[in-house]
Amino acid sequence: MIYDEADQQAIVKQAMRRMGLDTKQLTPRTVLSRISWAKNHMLDPQEIYLQSTDPVAERIAHIYEIYRKELRKANALDFDDLLLEAVRLLRSSSEVRETLQPPLRYVLIDEYQDTNRPQYELMKLLAGTEHNVCVVGDEDQSIYSWRGADIRNILEFEKDFPEAKTIPPEQNIAPRR
């Protein structure tokens, strides 16, 4: 089951009530935003807790752990989990990777500058050993860092794919007539 925003907020509100937290001081929407940020950076609740520098961040890490357990108990995922579970499955199952890679001989990603870490990991897993990947992006147009977009994905692309050919956007590659 895929939980929508209302389902997600219900879990967070319930967790906050159990912890005796005021949902007006720390809103469920804020908590869900921080959980989504953590998932987009592939951080689990323990990592968030260890990185916390204030009591609010510690509480959010605790709520995140409860949230994750409640999703598991309900056999549910949220939108961010769809990417994380796809990455987990491809990492853990060579059989699934081998089934997907032959039909996916080429991977094309547009707006690459706005990909997050799970999307990047998924792309690497789908690209397999062939590395038949074409990405289109402009580091100067990255606008989704608030949603987890990681500019390092585009800046480090050539390091992870050293055989890649880079064509700068200002270079016209259309044939001349």
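The values are calculated or read from the model by the stated rules, or taken from the named source; none is laboratory data. All figures in this text were calculated on a predicted structure; none of them were measured in a lab. Glycine gets a Cβ as well: all are built from the backbone with ideal geometry, and neighbour counts include every protein chain shown. Quick note on the areas: whole protein, heavy atoms, side chains included, nothing else; ligands and nucleic acids left out. Shrake-Rupley method; radii C 1.70, N 1.55, O 1.52, S 1.80 Å.
Just a few scattered comments:
- Two-site FRET efficiency, Ser93 against Arg18, from Cβ-Cβ distance with R₀ of 45 Å, rounded to 0.05: 0.80
- Excluding same-chain neighbours fewer than eight residues apart, the aspartates and glutamates reachable from Lys73 by a Cα-Cα span under 14 Å are Asp7, Glu65.
- Taking the C-alpha atoms of region 7-53, convex hull volume expressed per residue in Å³: 87 Å³
- The packing ranking of peptides 157-167, 11-21, highest mean first, is 11-21, 157-167, where packing means the average number of other beta carbon atoms within 10 angstrom of each residue.
- Region 33-177: Rg to Rh, with Rh as the Kirkwood radius over Cα pairs: 1.05
- Within the chain, helix-based [θ] at 222 nm, where runs of 4 or more DSSP H residues each add -39,500 (n - 2.57), nearest 500: -15500 deg cm²/dmol
- Extreme residue, positive dipole direction of the chain, given options Pro168, Pro102, Ile60 (C-beta unit charges): Ile60
- Sorting the segments 62-71, 106-115, 125-134 by their mean number of nearby beta carbons within 10 angstrom, highest to lowest, gives 62-71, 106-115, 125-134.
- Apportionment of accessible area to carbon and sulfur, the chain, percent (1.4 Å): 51 percent
- Euclidean distance of C-alpha centroids, region 84-147 and region 1-79, integer Å: 26 Å
- Electrostatic bookkeeping for Leu126 treats Lys and Arg as +1 and Asp and Glu as -1; over the other residues with beta carbon under 11 Å from its beta carbon, the sum is +1.
- Gained length - Glu5 relative to Thr53, 0.36 nm times residue gap less alpha-carbon distance: 14.5 nm
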